[in-house]
1. Restricting to segment 293-313, what's the tally of residues that are at pLDDT 95 or above and hydroxyl-bearing (Ser, Thr, Tyr)?
2. Which residues, counting only those in segment 661-689, are among the small types (Gly, Ala, Ser), under 22 Å from LEU598 (Cα atoms) and more than 28 Å from the chain's Cα centre (by Cα)?
3. Determine whether segment 219-239 contains at least one residue that is in a loop (DSSP other than H, G, I, E, B) and surrounded by 22 or more Cβ atoms within 10 Å (Cβ to Cβ).
4. Filter segment 142-170 down to residues that are modelled with pLDDT under 90 and either surrounded by fewer than 20 Cβ atoms within 10 Å (Cβ to Cβ) or part of a helix (DSSP H, G or I) (or both), then give me how many there are.
5. Select from segment 409-468 the residues that are assigned to a helix (DSSP H, G or I) and β-branched (Val, Ile, Thr) and write down the one among them that is farthest from the chain's Cα centre (by Cα).
6. Spot the failing condition for GLY97; the list is (1) at pLDDT 90 or above; (2) surrounded by fewer than 16 Cβ atoms within 10 Å (Cβ to Cβ); (3) not aromatic (Phe, Trp, Tyr), and only one is missed.
7. Can you name every residue in segment 763-798 that is surrounded by fewer than 17 Cβ atoms within 10 Å (Cβ to Cβ), in a loop (DSSP other than H, G, I, E, B) and over 45 Å from the mean Cα position of the chain (by Cα)?
8. Tell me yes or no: at least one residue of segment 119-136 is among the basic types (Lys, Arg), crowded, with 18+ Cβ neighbours inside 10 Å and modelled with pLDDT under 95.
Amino acid sequence: MICSSCGDPLASRPGGPCGLPGSRGRPRSSCWRRHIVATDNKRALVIVESPGKVRSIAQYLGDGYVVEASVGHVRDLPKNAADVPAKYKGQDWATTGVDIDNDFEPLYVVQTAKKATIRKLKDALKNVDELYLATDEDREGEAIAWHLLQELKPKVPVKRMVFHEITPDAIRAAVANPRDLDIDLVDAQETRRILDRLYGFKVSRVLWKKVKPKLSAGRVQSVATRLIVDRERERMAFVSADYADLEVTLDAGADAEPSAFTARVSSAAGLKVAAGRDFDSLGVLTAKKALHLNLAAAQALADGLTGAGVTVDSVEAKPHTRRPYPPFRTTTLQQDAGRKLGFTAQRTMSVAQELYEGGHITYMRTDSITLSATAVQGARAAVKELYGSSYLPDKPRTYASKVKNAQEAHEAIRPAGDSFTAPDKTGLRGDALRLYDLIWKRTVASQMRDAEGQTVSIGMTATLKAAVDVTDATTGEIVNVATAALTSSGRTLTFPGFLRAYVQGIEEGDASDDATAQLPALSVGDALDVAGVEAEPHATRPPARYTEPSLVAKLEELEIGRPSTYASIIRTITERDYVFKKGSALVPTWLAFAVTRLLEEHFPRQVDYQFTAEMEDVLDEIANGSADRLQTLKDFYFGTQGENGYQGLLTLVEELGDIDPREIATFAPVHDNGSGIEVRVGKFRPFLEDADGNRANIDEDLPPDELTVEKARELLETPSGATKELGTDPVSGNPLVAKNGRFGPYVTEVLPEDAPKKQKPRTASLFKDMSLDTVTLEEALKLLTLPRLVGADAEGKEITAANGPYGPYLKKGTDYRSLTSEDELFTVTLEQAEAIYAQPKQRGRRAAAGPLKELGEDPNSGKPVVVKDGRFGAYVTDGEYNATLRKSDSVEDITLERAAELLAEKRAKGPAPKKTTRRASTTAKATTAAKKPAARTTTRKPAAKKPSAS
């Protein structure tokens, strides 16, 4: 067989005459990438998951291969009743998609959006001699391959092709070394899918009835929500304690380097000076023999220390070494990208997917931290080239994962290939470059020498010129202080080692072990001068809320869920209004409190952290063939017997008992002590209600731990339903009032008690520049004149001006046109209105308005980003993609970085699917029915083993 690119005979074995890598001749860069495997004139179809992989893989494989994408899953359980095939309609289990009475047999249907994909793949299959299923090598990828096999029903040989990076060598090895389909992995994925469907289907419907319609529950989603709610409960129960301490600036003399340094007062009169760690969560001092200083006492001691004599009592220096961090796995990449780059978990995985598909990094869904021998060589070569041999350890470093059931056959996330392309040589830009740079540095640093240095601690005694009396803030006792102990510690770095390349990100408030501080060289007995003393007030802080990185770390610590699912879990609980963001912190809503309470009280095992983690272990056992799929499903759904038996999901759902929806959705404000005020989760939003029945809405962005009794009373004093009397309408004689309603403030008239029932009060929303506190009777009368008749056009059609939920507009018959401002409602003339109607109508959107704010160029697309006001609120746009601002964002505070993140998330989701009209759908169904009977959905027979690819 002759190479179509270079004309040489193709090598049939290593060392043949063609210019292949490893042959005697030098490789020809123009053709060797195409010489993957000689196909003997056979054509092969390669199916990958993502369209992003198609181009690169097709380039590496050459003309003998057709590469197509399944674009993820092609089959799934029915989403709703409309998805259920006709032959199954009417059967109780069909909507769930799981036939429980038939050994939990799943009903799979081809998704509507994937029918065209299946047709395309079947057409491609007609013209080839072999089929390679090249989906990802994880449970989901294995299941996608199996579903393709079931749906395509190929009559040609089928091979399972796997690779962990998209490089010529990796693709060549994957084609040359196919394997069988791993049915155990398929079973594990199918079991997880059925568990999640049963949990979501059964439990969600309980939430619909007892809390609020259209809520959702999930096996891992609900546990993640509980974690966030539990942390907020800790914050709500927390009582802050005030304390003070002292920082002393010391002068070591002009010859010292540095000449000045700082120390803290660690004890006074033999008593330890209390610090934040000495108080519990209720603000109680727990340390024994401690002196609790308030600011006044600390200031008195500061005055006494001014001019005091200080002597060095001890100098202790210890050598320390720091080993480099292991290469990234999925969770550590999400955590560090969140801390250092400000990425959400979803954004991290989206950008990593782009890098993987572009051939820049290895597979990004992995819990392994091992590196292949070639990767280690590549990292060590980069270390030697960039930093020199002194930074290279004598032996390559090896890392073993501490993650239970880690897939050690996979590699860590690292730059692709045998030699690592430096970030500035990749041609990448924006977020892709930033994430690749992070991965590149972490991988290279993992093969560098330890960081070396010294930890120095200095102990000193300060003798006051005159003793001072200070009062203990806890006991009220007076303590006479004549001497105080000072301590200072720091770390010096003698050899930076891996820190030259990489420093791990930290959460706000955490201490960094990479920080360095320099202290002067001192000896015992040295005398020091006090250059200054400062008393510093402090307050103990509640436990920090979870951020995306810390929540990922906690889920992994508890061994809940899989690393590849964390990003989608966080996205789901945010979109379901269980969580909102305040800065980077994840804050639970009151709705999340109500849902979590119901689940804890009635489904305790299903939201138990340990049980959820154990379920992951069982799924792993199914994946490696040591656990039975059917028995796992039976135990989960029907429960188990014996001493350690537990109730299954079915029993819990059918024997719920009495659940009081009001009780489930009612809470008390923070630190409530019989105020009579209740927090209620209503149909539309949470609200407050006092003992007299007065109500007030709760701001959606008010964190639960900030809703104290005092704040609740403040809201009740100016409730959303409060009425402000404005005066009397001089024409009707009816009183006019202003109220704050569900859709914002508005004015309305109060009809007399004997008014006809059909008569409705006139109502008008306040303009955006008006407020409930300042609106006047004159403004109200003016608002109630809307809608205003502007006039009639030449054909006699009336034009009116009105204010609607999407802003001010003109109406002529069924033709609506937007106005640019609310003031135009009263000023627009008939001539101006006709001029507006003379312009071509912009269907589907208002006339474009100027930007509210210009932010700069998007680091990803390079296009200018602006903030605009749209029908559904403010949004950011780069001219191609639009992204609505979240609740936690504001026009005033939005930054280019945050806007780029929102646009990147929107861009990653891709275009919205096109909607099919009812008439078109009906026609299509009728046409299909005329041609052939309804297609039968393929299901797996319970007794039959899944066919494998070979």
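1. Total satisfying the criteria: 1.
2. First, the residues of segment 661-689 that are among the small types (Gly, Ala, Ser): 665, 668, 674-676, 682.
Subsequent filtering for residues that are under 22 Å from LEU598 (Cα atoms) retains 665, 668, 682.
Listed by number, the list holds a single entry, ALA668.
3. Residues of segment 219-239 that are in a loop (DSSP other than H, G, I, E, B), as a first pass: 219-220, 238-239.
Then keep just the ones that are surrounded by 22 or more Cβ atoms within 10 Å (Cβ to Cβ); that gives 219-220.
Yes, the conditions are met somewhere in segment 219-239.
4. 4
5. Per the stated criteria, the residue is VAL444.
6. (2)
7. Correct list: THR776, THR785, ASP793, ALA794, GLU795, GLY796, LYS797.
8. Looking for residues that are among the basic types (Lys, Arg), crowded, with 18+ Cβ neighbours inside 10 Å and modelled with pLDDT under 95, one finds none in segment 119-136, hence no.
The values are calculated or read from the model by the stated rules, or taken from the named source; none is laboratory data. Because the structure is a prediction, the values reported are computed rather than measured. As a convention, Cβ positions derive from the backbone with ideal geometry for all residues, glycine included, and neighbour counts pool all protein chains shown.
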